[in-house]
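I have placed the structure first, in the form of structure tokens, so that the comments after it can refer back to it.
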Amino acid sequence: MYLTMVMVCFLGTSECVRFEDTTGLKKTEEDCYERAVEMIANIQSIPQYIPPPYTVSYKCAAGDAT
């Protein structure tokens with residue numbers, strides 16, 4: 001099981017924001033990647049919240065289903 005996390009870092013500053021998936025753990029790394037792509041698209045659709053320039057990265061962290 002994998003927890004999907006997305007990190008958005010603002011260029012020119014040392015400020016970053018981490019987003020964690022709230023829909024639950026994903027069964028495979030591929031499912032986690034697909035969720036990361038969906039999360040990134042959702043984040044980028046809010047330009048007032050996250051103005052460019054910024055970088056985006058994701059991580060699929062192994063986790064327990066407890």
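The values are calculated or read from the model by the stated rules, or taken from the named source; none is laboratory data. Here the structure is a predicted model, which is why all the values come from computation and not from measurement. Each accessible area value is taken on the protein alone, full model and side chains, heavy atoms only, with ligands, DNA and RNA left out. Shrake-Rupley method; radii C 1.70, N 1.55, O 1.52, S 1.80 Å.
For this structure, a couple of remarks:
- Counting protein heavy atoms only, the chain has 54 percent of its accessible area on carbon and sulfur, 1.4 angstrom probe.
- Surface exposure of the chain, expressed per residue as accessible area with a 1.4 Å probe, stands at 70 Å².
- Using C-alpha pairs below 8 Å separated by at least 6 residues, the relative contact order for the chain is 51 percent.
- Using all pairs of distinct alpha-carbon atoms, the Kirkwood hydrodynamic radius of the chain works out to 12.4 angstrom.
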